[in-house]
Structures are given as C-alpha cells and as structure tokens.
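S.K.: Mind looking over this structure? Questions follow.
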Amino acid sequence: MRSSDGETRDLVTSRPGAGWDYGLTRHPYHRIEAPKGPHYCVYNRRHMAVCFDDHSTEDGYWLLRQKAAVLHTGEFPLQFQGPDAEALLNKLFTKDISKVKAMRCGYGLACYPDGGLLVDGILLRLAEDTFWYAQADGDFYSWARAHAAGMDVAITDPDVFVSQVQGPAALDILAAASDTGMPDRFGYFAVARVPFGGQEVVISRTGYTNELGWEFYTEPHHDAEALWAHLSAAGKPFGMEIFGLDAMNIRRIEAGILNAGSDFNTSTTPFDVGLGRFVDMDKADFIGKSALAGAATEPRLHGIRCDGGEPLIAAKVQLDGKDAGVVTAGAHSPFLGHGIGYALMDSAEHGIGTRITVGCRDGAQHPAELVALPMYDPQAEIPRGKRVDIPVRP
C-alpha cells in the first residue's frame, strides 16, 4: 500500500536538531502539547496531533462526548479581500456565497470542471468584502489565484491557525473565558469577535465533531501562550483537555462528516458522496456546474455497521462474494459498541440496508450493513444545543 498497511503508520515526532523540516509549519501551541507526548500527521504542510502518549484514543473520545476536548488543527485559512471577493468565491464554490451574511459561516465546496471534488472547508465572512476560507488539506490557493485573473481581489495567507473546543461543556467554557460573557446571537455557524484575557479573537460556532462546540482563530498579533493560559484556566473546572485526531475520527464518522481526499476525491461528485444539498444549481455559473447538471444524483457513499470487526480503510467491500466498493473510513465506536465506517460503492443501486462484507483490521472479511448517515442525531440537535444528554461510558 502507498500509505498505512493497517498495522503500521508514519507519524511525525520532535527530535533535537535543525533542518529538513523547513517545509512544515508548527502551530502556535506546539510547545504546550509537547509534554503530552504528541505524534503528528502533516496536514496542509502543518503539524496536527493524531494521538498523545498521556491518554488512549478511547479516553479522548469520552473526553469529547462527556466534557470538552481541544484540537489544534492543521486547517489552512486563506483570506479573500476586495470588491470582487464574493464574485470569485461564487465562481469557485457550489453554494451561493451571496447568501452568507457578514459575521456568519458557510460550507464551501469546490469542484473541478468535470464535477469532481477538489476541497471543502468553512467559509467565514468577516465583512462585506473580506472572507477567510479554512480549507481542508488540498491545493486550493493556486487554483483560486488562477481563476482570479482580472478580478479585483487579493488572495493571501493571513498566517491564522484554527483550534476547536468541542463537547457538552464547550459553551460553558466560552462564557467563562470571554471577558464580556457569551457573545450575542452566537447560534450555529455564527462568527463573533470575543475578548479573551484582553485579546480580541475571532471565534465561530463550528467544528468537525457534531458535538456542541466552537473554534478560535489564532492570528500573528496574538500572544499565543497568554491566550492558551487564559482559555486553559477557564476550561479546567469543566475538565477540558487537549486530544488528537484518532479520537475525533470516531465521532466524525458517527456524525457523517467527510474527509477531503479519502471519503471524496477528484473522481467523486458532490452527489456521489451525499453532498448534493450543498450544490445550488439555480445560481449563476460556477466551476463544474455544467458537468453536475448531467451527473447522476443518487449517492454511492453510505455508513457501515460491522458487528464483527473494525473496517479497514482501503479494504474491499463485497456483495455476494464480488467486489462492490471500498472502505474510505473505519473505526470502533465505544458509544455504539461496534465497528463503523464509510463504504464508497461502485454503484448507487446498493443503498441503505444492503448486506455486505467488509475487509477489517484483522485481515478478514466480516458481515456488515450499509446504514444511513449520520448514525445518530440525524437533525444535528447536539451541535445546535437542542439535545443536552451526556452519554454514559460503559
């Protein structure tokens, strides 16, 4: 295999010395994570913690579900500023960006001309002519620059880093950390500027977990150590701790949140992977629109329930003994008590309820079933604060 073989993987650790990592970027909280024994992946050429030596993946999962967990991410915000910023973004994204009001977020999905997916991310509108696009891993900067020719818009790297505070106590922590209490009208996908210990910080009511939560954006002018000390002190009474991607991955699969480059790629359209609701075919032309107008609209990607094992990424999905798809994500859910994952089927005719077998981490094919996504909380009541029950750890 070209990456993990299901038994080993390659992660980044810190060692004494200098050189050969000059193409990579550490986030501002790297030194704070160091005592926890972090192991990093490289995401947008930035380090993002996958796991820590001081706690298990399952401990991290339950921290997220019962208290509050923080991930310092590798998401890469780009800034679009100028009179033509909105017009360019409407050209690049499948959604109607003009509907995203100032101090609100939108979901930005970009396609190639053939309808294949390029990247996704969260778009923050900070002003009428200023946006941040916190993109997933992918080469979007050059793509945007190429399509901005002749337009009055500046596309820059503002050197901003995104961190997530997620879990049932997340909003209590925000209220405690803000010098002025909870910001007004801070509903789902809202943006606000909040003073934390005297430093004004952009925050958004978003996250990659479908838990209650928010994200904060560390800018170059911030005193990152003082900011973290302030947030950490506010979160300590609520049990807030740092955790990694391994734990978050379980929750995002349960929630039906997709990962760019693995769950979708250049060969899949938004419809193939269940993202058709983020395509506005009635808006003005955008890149990929003509191809999507003639594309099949039935999804090929579904959830996996597997009682006998943990689905292995890149393993075969079989139907009646014949290859019928591939596993794009897999984990064991401590909450649901069984293996979970995603299956990208070769054909849309095999939908929810189909009995399949999937390759698992033990090397065997196990019986499984295609299930709807998300696997629970289908109306996203948890991140909206409408469902506040905290699950009990078995």
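S.K.: Just checking, does the range 63-76 include any residue being at pLDDT below 95, among the basic types (K, R), open to solvent by 20 Å² or more (accessible area, probe 1.4 Å) and on the phi < 0 side of the Ramachandran plot? Can you show your working first?
M.R.: If we filter the range 63-76 for residues that are at pLDDT below 95, which is where we start, we get none.
Among the residues of the range 63-76, not one is at pLDDT below 95, among the basic types (K, R), open to solvent by 20 Å² or more (accessible area, probe 1.4 Å) and on the phi < 0 side of the Ramachandran plot, which makes the answer no.
S.K.: Condition test on L24, is it under 30 Å from V153 (Cα atoms) and in contact with a strand residue (DSSP E or B) (Cβ under 9 Å, 6 or more places away or on another chain)?
M.R.: yes
S.K.: Does any residue in the range 30-56 that is of a type in the set (D, E, K, R) come within less than 9 Å, Cβ to Cβ, of a residue that is assigned to a helix (DSSP H, G or I) six or more places away or on a different chain, and which pairs are these?
M.R.: The qualifying pairs are R31/E225; D53/K36; D54/P35; D54/K36.
S.K.: Further question on the same structure: I need the full set of residues from the range 41-89 which are of a type in the set (F, W, Y) and under 20 Å from D10 (Cα atoms), in order please. Before the answer, list the steps.
M.R.: So in the range 41-89, the residues of a type in the set (F, W, Y) come out as 43, 52, 61-62, 76, 80.
Correct list: Y43, F52.
S.K.: Next question. If I ask for residues that are of a type in the set (A, V, I, L, M, F, W, C), out of contact with any helix residue (DSSP H, G or I) (no Cβ under 7 Å at 6 or more places or on another chain) and open to solvent by less than 10 Å² (accessible area, probe 1.4 Å), which ones from the range 89-110 would you list? So that I can check it myself, show each step before the final result.
M.R.: Going through the range 89-110, the residues of a type in the set (A, V, I, L, M, F, W, C) turn out to be 89, 92-93, 97, 100, 102-103, 105, 109-110.
Narrowing further to those that are out of contact with any helix residue (DSSP H, G or I) (no Cβ under 7 Å at 6 or more places or on another chain): 93, 100, 102-103, 105.
Correct list: F93 only.
S.K.: List every residue pair whose Cβ atoms lie under 9 Å apart, where the two residues are 6 or more positions apart in sequence or sit on different chains, the first residue falls within the range 114-140 and is under 21 Å from F189 (Cβ atoms), and the second residue, located anywhere, is of a type in the set (K, R) and surrounded by fewer than 22 Cβ atoms within 10 Å (Cβ to Cβ).
M.R.: Pairs found: L123/K95; L124/R104; R125/K101; R125/R104; L126/R193.
S.K.: Kindly establish whether G37 is among the small types (G, A, S), open to solvent by 10 Å² or more (accessible area, probe 1.4 Å) and at pLDDT below 95.
M.R.: On the way: among the small types (G, A, S): yes; open to solvent by 10 Å² or more (accessible area, probe 1.4 Å): yes; at pLDDT below 95: no.
No; evaluated as a whole, the condition is false for this residue.
S.K.: Looking only at the range 299-324, count every residue that is in contact with a Cys (Cβ under 8 Å, 6 or more places away or on another chain) and either among the basic types (K, R) or open to solvent by 10 Å² or more (accessible area, probe 1.4 Å) (or both) and tell me the total. Walk me through how you get there before you give the answer.
M.R.: If we filter the range 299-324 for residues that are in contact with a Cys (Cβ under 8 Å, 6 or more places away or on another chain), which is where we start, we get 306, 308-312, 315.
With either among the basic types (K, R) or open to solvent by 10 Å² or more (accessible area, probe 1.4 Å) (or both) added as a condition, the list becomes 308-310, 312, 315.
Adding up the residues that qualify gives 5.
S.K.: Separate question: Please enumerate the residues belonging to the range 265-298 that are of a type outside the set (S, T, Y), exposed (fewer than 12 other Cβ atoms within 10 Å of the Cβ) and under 16 Å from Y112 (Cβ atoms).
M.R.: Within the range 265-298, D285, A293, G294 qualify.
S.K.: Looking at H30, H47 in this structure, which one is at pLDDT 95 or above and crowded, with 21+ Cβ neighbours inside 10 Å?
M.R.: Numbers: H30 fails: crowded, with 21+ Cβ neighbours inside 10 Å.
When all the criteria are applied, what remains is H47.
S.K.: If we keep just the residues of the range 111-136 that are crowded, with 20+ Cβ neighbours inside 10 Å and charged (D, E, K, R), which is farthest from T156 (Cα to Cα)?
M.R.: That would be D120.
S.K.: Report yes if some residue within the range 197-209 is assigned to a loop (DSSP other than H, G, I, E, B), open to solvent by 10 Å² or more (accessible area, probe 1.4 Å) and free of Cβ contacts under 8 Å to residues at least 12 places away in the same chain; otherwise report no. It would help to see each step written out before you state the result.
M.R.: Applying the first criterion (assigned to a loop (DSSP other than H, G, I, E, B)) to the range 197-209 yields 197-198, 205-209.
Subset that is open to solvent by 10 Å² or more (accessible area, probe 1.4 Å): 197-198, 205, 207-208.
Narrowing the set further to residues that are free of Cβ contacts under 8 Å to residues at least 12 places away in the same chain leaves none.
No, there is no match, as no residue in the range 197-209 is assigned to a loop (DSSP other than H, G, I, E, B), open to solvent by 10 Å² or more (accessible area, probe 1.4 Å) and free of Cβ contacts under 8 Å to residues at least 12 places away in the same chain.
S.K.: While we're on this one: Can you tell me which residue is surrounded by the fewest Cβ atoms within 10 Å (Cβ to Cβ) among those in the range 144-177 that are in a loop (DSSP other than H, G, I, E, B) and among the β-branched types (V, I, T)?
M.R.: So in the range 144-177, the residues in a loop (DSSP other than H, G, I, E, B) come out as 148-153, 157-160, 167-169.
Checking the rest, the ones that are also among the β-branched types (V, I, T) come to 153, 160.
Values: V153: 20, V160: 18.
Among them, the one singled out is V160.
S.K.: Also, quick follow-up: Which helices (runs of 4 or more DSSP H) does the range 214-322 wholly contain that include 2 or more residues that are closer than 27 Å to A368 by Cα? Step through it out loud before you land on a result.
M.R.: Numbers: elements: 224-235, 245-254, 289-293.
So the answer is 245-254.
S.K.: Here's another thing I want to ask about it. Just for helices (runs of 4 or more DSSP H) wholly inside the range 25-95: which have at least 1 residues that are closer than 30 Å to K236 by Cβ and of a type in the set (D, E, K, R)?
M.R.: Numbers: elements: 30-33, 57-66, 85-92.
Hits in the range 25-95: 30-33, 57-66.
S.K.: Go through (1) without any contact (Cβ under 8 Å) to a residue 40 or more places away in the chain; (2) within 17 Å of R252 (Cβ to Cβ); (3) touching a His at 6+ places or on another chain (Cβ under 8 Å) one by one and return the number of the condition V327 breaks.
M.R.: Only one criterion is unmet by V327, namely (3).
S.K.: Let me ask another. Give just the number: which of (1) at positive phi; (2) without any contact (Cβ under 8 Å) to a residue 40 or more places away in the chain; (3) surrounded by 19 or more Cβ atoms within 10 Å (Cβ to Cβ) does R185 not satisfy?
M.R.: The one condition R185 does not meet is (3).
S.K.: Please tell me if D184 is more than 21 Å from the chain's Cα centre (by Cα), assigned to a helix (DSSP H, G or I) and within 20 Å of V201 (Cβ to Cβ).
M.R.: Values: more than 21 Å from the chain's Cα centre (by Cα): yes; assigned to a helix (DSSP H, G or I): no; within 20 Å of V201 (Cβ to Cβ): yes.
When the stated conditions are applied, D184 does not pass them.
S.K.: Then there is this: Show the residue pairs that are 6+ apart or on different chains and have beta-carbon atoms under 7 Å apart, the first residue being within the range 2-19 and over 18 Å from R46 (Cα atoms) and charged (D, E, K, R), the second being modelled with pLDDT of 85 or more and open to solvent by 80 Å² or more (accessible area, probe 1.4 Å).
M.R.: none
The values are calculated or read from the model by the stated rules, or taken from the named source; none is laboratory data. None of the values given here were measured: they were computed from a predicted structure. Neighbour counts run over all protein chains shown; Cβ positions are idealised from the backbone, glycine included. Please note that ligands, DNA and RNA were not included when accessible areas were found on the heavy atoms of the full protein model with its side chains. Shrake-Rupley method; radii C 1.70, N 1.55, O 1.52, S 1.80 Å.
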